[in-house]
Amino acid sequence: MNTSFDLLFEIGWRFASLSLLAIGGINALLPEFHRVVVDIEGWMTSAEFADLFALAQLAPGPNAMVVSLLGWKVAGISGAFVATIAACGPSSLVSYFAIRALEGMRNGTLRVVLQRALAPVAIGLVLASGYTLAKAADRSTGALALTLCGAAAIAATRVNPIWILAAAALAGVAGIA
Amino acid sequence: MAPHETGKLPHSITRATLFVAFLKIGLLGFGGVLPWARRVLVEERAWLTDREFAEMIGICQVLPGPNVVNLAVMLGARWQGVSGSLLALTGILFVPVMAVLILATFYASVAHVPVVRSAIAGASAAAAGLIIGTAIRLIAGLRPPLRSLLLAAAVFIAVGVLQAPLLWVLAVALPAAIAVEWRMQR
């Protein structure tokens with residue numbers, strides 16, 4: 001067996017074994033990913049891990065792409081794809097069968113009850129993640145103002161978010177953030 | 001596999017439009033994909049109402065895995081079966097992964113340029129606002145009863161402000177919410 005195959009296999013089972021634990025998304029598992037790739041496997045330093053996390057936040061696409069970047073750092077392009085499929089595959093299968101089961105319930109009382117109960121919990125969690133990100137991003141009054149403007153623009157207008165982000169980036173260059 | 005017959009299947013949802021919609025969500029989703037998911041699925045395409053969107057997100061939050069990845073799998077499955085799930089996943093995840101790998105190769109050389117850092121600081125602050133605004137939009141769209149507003153507020157305070165572990169919050173909030181909603185149905 002050549003080592004690169006062994007390495008891909010190692011990434012695969014390490015990440016796949018975490019997939020079903022990621023309740024609340026990959027960010028909830030970041031400490032665990034850090035423990036595996038930095039402390040146990042020694043694939044990268046803590047600083048490199050933090051850089052990849054920052055890049056995943058900046059890049060378009062789901063923040064879960066941090067796992068792709070971790071795989072890329074360890075074993076290049078093939079590492080990125082193995083890591084992504086391993087981390088998202090098992091949870092995606094669960095989601096697939098969960099929605100099938102839920103739709104199978106038709107419009108029974110249980111389904112209505114579940115949906116009515118889940119929606120407010122989801123909204124609370126969305127608000128919490130916005131708040132957590134704002135706390136990390138808003139290190140100045142200007143940045144706080146940008147957050148509030150962004151929230152108001154989305155809540156009260158139909159302007160395309162890309163313009164909000166572009167304007168905020170310009171404001172940042174102008175020294176506001 | 002045929003799409004499920006629960007509810008109506010909007011005519012505009014083909015495999016191609018499904019892929020393009022999730023690709024758009026994936027490629028534009030700077031600083032969090034959720035605001036874009038709501039924008040594209042609820043506002044632009046009108047494939048879901050705010051209520052349906054919030055309910056789907058709720059299911060995604062409870063299941064393991066990245067929420068928006070789960071959302072892609074579930075909506076793909078609902079509208080176009082297995083191939084729909086795979087197409088939605090490719091659009092929201094695999095194409096953006098290739099984009100981020102290209103970005104990663106020259107990120108190191110620009111990451112410390114002051115102008116880049118200032119632009120990122122500004123955009124990150126606004127991106128947090130987009131997520132907060134999306135939550136407000138969902139509340140406005142759902143016009144939930146007082147009990148639901150109180151539940152959302154409690155979950156926000158527990159997870160956002162008090163930083164309580166998500167699993168514990170879900171373990172308390174979900175059974176309580178289900179019990180209350182069950183009684184309301186009687």
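The values are calculated or read from the model by the stated rules, or taken from the named source; none is laboratory data. Given the structure is predicted, the values throughout are model-derived calculations rather than measurements. For neighbour counting, all protein chains shown are included, and Cβ atoms are generated from backbone atoms with ideal geometry for every residue, glycine included. Calculation scope for accessible area: heavy atoms of the full protein, side chains included, ligands and nucleic acids excluded. Shrake-Rupley method; radii C 1.70, N 1.55, O 1.52, S 1.80 Å.
A few comments on the model shown:
- Exactly one residue among B:A104, B:A77, B:A99, B:A125 is part of a helix (DSSP H, G or I), under 27 Å from A:L144 (Cα atoms) and within 7 Å of chain A (Cβ to nearest Cβ), and that residue is B:A125.
- Conditions (1) touching a residue at least 24 places away in the same chain (Cβ under 8 Å); (2) open to solvent by 30 Å² or more (accessible area, probe 1.4 Å); (3) not in a helix (DSSP H, G or I): number failed by A:P60: (1)
- Residues satisfying the stated conditions in the range A:135-151, i.e. more than 7 Å from chain B (Cβ to nearest Cβ), in a helix (DSSP H, G or I) and open to solvent by 20 Å² or more (accessible area, probe 1.4 Å): A:K135, A:A136, A:T141, A:L144, A:A145
- Complete set of residues in the range A:121-149 that are within 11 Å of B:G133 (Cα to Cα), at pLDDT 95 or above and of a type outside the set (S, T, Y): A:L148, A:C149
The rows are residues; the columns are (1) touching a residue at least 12 places away in the same chain (Cβ under 8 Å); (2) under 30 Å from A:V66 (Cβ atoms); (3) surrounded by fewer than 20 Cβ atoms within 10 Å (Cβ to Cβ); (4) at the interface with chain B (Cβ under 7 Å from one of its Cβ atoms).
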position	(1), (2), (3), (4)
A:C88	yes, yes, no, yes
A:T109	no, no, yes, yes
A:L127	no, yes, no, yes
A:L133	no, yes, no, yes
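- Here A:I164 meets the list (1) without any contact (Cβ under 8 Å) to a residue 12 or more places away in the chain; (2) part of a helix (DSSP H, G or I) almost entirely, failing just condition (1).
- A single member of B:A158, B:A152 is facing chain A (nearest Cβ under 7 Å) and within 17 Å of A:A128 (Cα to Cα), and it is B:A152.
- Scan of the range A:42-57 for residues that are open to solvent by less than 50 Å² (accessible area, probe 1.4 Å) and of a type in the set (A, V, I, L, M, F, W, C), ordered by number: A:M44, A:F49, A:L52, A:A54, A:L55, A:A56
- Residues that are open to solvent by 40 Å² or more (accessible area, probe 1.4 Å), part of a helix (DSSP H, G or I) and within 14 Å of another protein chain (Cβ to nearest Cβ) within the range A:3-41 comprise A:S17, A:N27, A:A28, A:P31, A:E32, listed in sequence order.
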